[in-house]
1. Quick one, what does Rg over Rh come out to for the range 229-377 if you take C-alpha atoms and the Kirkwood Rh?
2. How big, on average over all directions, is the shadow cast by the Cα convex hull of the range 27-119, in nm²?
3. Going by C-beta contacts inside 10 Å, put Phe357, Phe366 in order with the fewest on the left.
4. Assigning unit charges at the beta carbon (Lys, Arg +1; Asp, Glu -1) and nothing else, what dipole magnitude in debye, to the nearest 20, does the range 1-152 show about its Cα centre?
5. Sort Ile96, Ile228, Ile286 so the one with the fewest other Cβ atoms within 10 Å of its own Cβ comes first.
6. Divide, for the range 130-278, the radius of gyration over alpha carbons by 2.2 N^0.38 Å, where N is the residue count.
7. Taking only the alpha-carbon atoms of the chain, what semi-axes of the equivalent ellipsoid follow from 5 times the gyration tensor eigenvalues under a square root, in whole Å, largest first?
8. Which aspartates and glutamates have a Cα lying under 16 Å from the Cα of Lys37, excluding residues fewer than 8 positions away in the same chain?
Amino acid sequence: MFDASSKPHAKLAAPSADVLVGRAAAMVPLLRDNATKGEQLRRLPDESVQALQQAGLFRMLQPINRGGYGTDAVTVSKVLTLIASGCASTAWVMMIYSSVAQLAELLSEEALSEIYADSHPRVAGVFGRAGAVAQRVAGGFRVRDTGRWPFNSGCHHATWDLLRLTVEEPDGSTWPAFAAVPMSELTICDDWHVMGAMGTGSSSVTCGEIIIPGHRLARVPKDLRGVIRSDISAAQNCALPLGMARYALEAFLELARTRAINHLGYTRMGDAPVVHTAVARAAVDIKLIESYQQWALSAFASAAEIDPRDAAFQSIGPVRCFELARGVVENLLALCPSSEIQLAGPIQRLLRDMHVFEHQHALTPFINYELYGRRMTMPTG
């Protein structure tokens, strides 16, 4: 799938891991400055997207044969952790673009040539649910009536959308498909009014009875695990909570150095034992997330006894990392001065973002624990 022999682009000379990590680190102040603006816009600020593009960080996640760098999973994890420590919504959108770009490889070469004719393509998508029914017509497939796809993260800055739909054949049979649609043929709805992760711009997109050329459709395979690189998924899934938890602790330590707890007589928060305990717990939980991430990445590089490619296990590890990270942010926020409840405060924003991310089914604790528990208790043989 990623064989450069089928490339329409020559493989670019990729920046080194140190260069990519350095570029990501240099972007953190900008992303933090723009985080409140992203909430107000309910999408990523243009300046943030342009900075990512200029730094080549989108190419890091593009397939090699489509002009990407083919960056290794360890470097991806370091870069995304840094981006998440600047703006969680930005990291989320990068993860979406990466995953959808890999799914787009299911399409024909003709369709991919159209997508990558743009020198800076960004493909958003909704692949968890079908948003329309399409029927065969001359030249392709016609969306019947209208289509609607909610939670389309990153759609505001995308050039194409990869959308799931149901194809209905003349005999009444149906099959699931992905369709690549130019963003110019879709309408972005103003419906992303949510409690957190507002910068992801996860608005709904709609369309009327458009005709989708046949070469832009592909059947959805029964198992997507062979399509999306498991090592990159592992790198991404832990990077988001790790970066967010690190930022929360960094912001809290700054408050501890400069603010007081007047009602307890502490002129400096950092002198209070309760603060010492909270900081220690946060540091340990962050180290646990780091350790899981390092183990998961090393497991893909070796023949580990526990196979993290197991879909249930691959889900449950990041879910637990998110829970640890949320605990870090909740415990630190509880000790913050009242000024931190203002919307410009980073710690309260991180907590709201986490609650929203955990409502995405792949990161929802009760769903993933039950699914994994079923697998463990299922009779064998």
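No value in this document is a laboratory result; all are computed from the given coordinates. Quick caveat, the model's predicted, so the values are computed rather than measured. When we count neighbours, we look across all protein chains shown, and the Cβ atoms used for this are built from the backbone with ideal geometry, even at glycine.
1. 1.06
2. Taking a quarter of the hull surface, the average projection is 6.0 nm².
3. Least crowded to most crowded, the residues run Phe366, Phe357.
4. The calculation lands at about 360 debye.
5. Ascending number of Cβ neighbours within 10 Å: Ile228, Ile286, Ile96.
6. The value comes to 1.63.
7. For the chain, the ellipsoid semi-axes come out as 38, 23, 21 Å.
8. Asp46, Glu47, Asp353
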